[in-house]
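Below is one structure, written out as structure tokens; comments come after it.
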């Protein structure tokens, strides 16, 4: 029985290294970073400003007046959704599927 538990632990450790890739540990205890790719500083700036605009609209609930003030104030929802998609931890979700297979039904 103990041998089976050791094998299961070794499988889980191997899967953890392979699939837990979204969060990278930092030098601080219990702290991680999540990274996403941007083409350049302009795209990063656009992403940040669009996120801020979206938050303002959500708080004010006044979308029509916001975009009338300044045509450059339109929000690139596609960029925001693409960024969220990049931040979604698919490797970790795949890992959880394998953990379910290794552990088996409870």
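The values are calculated or read from the model by the stated rules, or taken from the named source; none is laboratory data. No experiment lies behind these values; they were computed from the predicted model shown. Neighbour counts are summed over all protein chains in view; Cβ atoms, including those assigned to glycine, are modelled from backbone coordinates with ideal geometry.
Brief remarks on what is shown
- Scope the stretch 5-19; condition closer than 21 Å to residue 86 by Cβ and touching a helix residue (DSSP H, G or I) at 6+ places or on another chain (Cβ under 6 Å); matching residues: 19
- Only helices (runs of 4 or more DSSP H) whose full extent lies in the stretch 46-106 are considered here, and the ones with at least 2 residues that are modelled with pLDDT of 80 or more and closer than 27 Å to residue 21 by Cβ are 77-87, 90-103.
- Candidate set from the stretch 35-47 (those that are out of contact with any helix residue (DSSP H, G or I) (no Cβ under 6 Å at 6 or more places or on another chain) and in contact (Cβ under 8 Å) with a residue 12 or more places away in the chain); member that is surrounded by the fewest Cβ atoms within 10 Å (Cβ to Cβ): 37
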